[in-house]
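Here the structure is laid out as structure tokens; the discussion comes afterwards.
The values are calculated or read from the model by the stated rules, or taken from the named source; none is laboratory data. This structure is a prediction, so every number in the text was calculated from the model and none was measured. Here the Cβ positions follow ideal geometry from the backbone for every residue, glycine too, while neighbour counts run over all protein chains shown. For accessibility, only protein heavy atoms count, side chains too; no ligands or nucleic acids. Shrake-Rupley method; radii C 1.70, N 1.55, O 1.52, S 1.80 Å.
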Protein chains: 2
Amino acid sequence: MSPHSRPIVIAIVEDHPIVIEGLRKILSRDLPVQEIVEHHTGAGFLRYLASNKQTLDVVLLDITLPDANGVELCAEIKRLSPGTVVLGFSNHSDRSLVLQLLSQGASGYLLKNATAAEIIQCITEALQGQISFSDQIKQIIAKPSANQLKPIPPLTKREKQVLRMIADEKTSTEISEELMVSPFTIETHRRNLMQKFGAKNVVGLIKIATELRLL
Amino acid sequence: MSPHSRPIVIAIVEDHPIVIEGLRKILSRDLPVQEIVEHHTGAGFLRYLASNKQTLDVVLLDITLPDANGVELCAEIKRLSPGTVVLGFSNHSDRSLVLQLLSQGASGYLLKNATAAEIIQCITEALQGQISFSDQIKQIIAKPSANQLKPIPPLTKREKQVLRMIADEKTSTEISEELMVSPFTIETHRRNLMQKFGAKNVVGLIKIATELRLL
DNA sequence: CAGAATCTAATGGAAAACCAGTAGAAAAAA
DNA sequence: TTTTTTCTACTGGTTTTCCATTAGATTCTG
């Protein structure tokens, strides 16, 4: 498993041609690579992986592919080929996303703005069995800054429904009529929502819900 | 001005090392380049431009730099060096953003997922004096989907300031105290803002402002 | 089935937002 | 220097949101 024991095989799963070119250059220059495989879709890569489990050492996995969810794809890769090292690779510096990916068996995470040195180091460390991150990600993991620490509060079905209607600029009365319940009920939902989100008023509610992509 | 009259000088203003590597490779392979300059910050590039207006043919400008607003940077570039062709280059496929950039003198716009061929074609066409886009952007420009058509209402300085404070969950009274004016004044600003945005209440205000990236 | 979670509803009151209009002072643009 | 825009401020409202708390009914789950 040592990175110098034999030339390594790397897969790039990524749909940005420029990024692929850049990675190819850096990897072939600074690592003892035997082969660099590239795939532009999750589905295509999984097909490839099925018949190449034995030989593939590392995957650089863009977690925002057009055809697949990165986290699920990672899980699938590790299920098919537990020996392959998966490194997340994306623009999103989302703490929870990184942790989700790790929980699915990834060995690390690189931001796309990482330097060549960071990428090489990350791959090398991951091949040695370590968990490894690019510098910015290290900071985000270590020091969870305010806006990244907030866990997604668990909302009930009704609350999600009401939240969406609030976001549609409806008043509590309008919502209550549409849902055929008392306006008091909606007021209660509204307050519970704000409490769960830690918002001071609707403005905070909408902002946070937007951030968490709940709308 | 013909692209084949002489080797061209290209600047890449971009902070992702991998993307820079990829671009360098593609550009030097497929275009008659004399020189590829790279800058990682808007400020640094402007300093370079000041003493190299004459020679610089094209700028590939990442509009999401850490230190600068892409649209304003574009305007500044065209002011300093009207002869330099500016091409926007980013992940954002925002119709209004593209149009804003064009209105500031840009000659085109490329998405980062563009192929090598698209990039080369775009640069070539732009050098010939045309406006040019990568394929996905062409579609977005041509077929403005509902949510991308709304024009940015012109806000006054004070209105922007108040809008930001509303988005910070502050009440009119709090804002009025902070700005040392009457709460009535803030109420008026608030109403004018909603009117300009065509919003029914603050919720709409915040949603639209978020969409338009005014926060 | 029993306990937990969710949805429902209410009281009663305070604060904030929203509405329509008016209008003077200050600053910016023509 | 006019003209226009922006910022300011007010009257006198109505509507809506926000707060604290309680509690029955229903639905889900161990």
Taking the conditions exactly as written (of a type outside the set (Val, Ile, Thr), more than 24 Å from residue A:116 (Cβ to Cβ), in contact (Cβ under 8 Å) with a residue 12 or more places away in the chain and buried (at least 17 other Cβ atoms within 10 Å of the Cβ)), does residue B:57 satisfy them or not? yes
Residues in region B:113-129 that are in a loop (DSSP other than H, G, I, E, B) and hydrophobic (A, V, I, L, M, F, W, C): how many? 1
Among the residues of region A:181-189, are any in contact with a Leu (Cβ under 9 Å, 6 or more places away or on another chain), more than 11 Å from DNA strand D (Cβ to nearest atom) and either under 17 Å from residue B:205 (Cα atoms) or open to solvent by 20 Å² or more (accessible area, probe 1.4 Å) (or both)? no
Starting from region B:170-195, keep only residues that are among the polar types (S, T, N, Q), then list their pairs with residues that are in a helix (DSSP H, G or I) and within 7 Å of DNA strand C (Cβ to nearest atom) whose Cβ atoms are within a distance under 7 Å, requiring at least 6 positions of separation or different chains. B:172/B:187; B:172/B:190
Inside region A:1-112, counting only strands (runs of 3 or more DSSP E) that do not spill past its ends, which hold 3 or more residues that are over 14 Å from the mean Cα position of the chain (by Cα)? A:8-13, A:33-39
Cβ pairs under 6 Å, 6+ apart, first in region A:74-97 and under 24 Å from residue A:22 (Cα atoms) and assigned by TED's automatic domain parsing to the domain that holds residue A:16, second charged (D, E, K, R) and surrounded by 20 or more Cβ atoms within 10 Å (Cβ to Cβ): A:89/A:62; A:90/A:62; A:91/A:112
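Of all residues in region B:126-139, which are away from chain A (no Cβ under 12 Å), open to solvent by 40 Å² or more (accessible area, probe 1.4 Å) and of a type outside the set (Gly, Ala, Ser)?
Those that are away from chain A (no Cβ under 12 Å), open to solvent by 40 Å² or more (accessible area, probe 1.4 Å) and of a type outside the set (Gly, Ala, Ser): B:128, B:130, B:131, B:135, B:138, B:139.
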Quick one: is residue B:50 surrounded by fewer than 18 Cβ atoms within 10 Å (Cβ to Cβ) and either within 25 Å of residue B:92 (Cβ to Cβ) or of a type outside the set (Asp, Glu) (or both)? yes
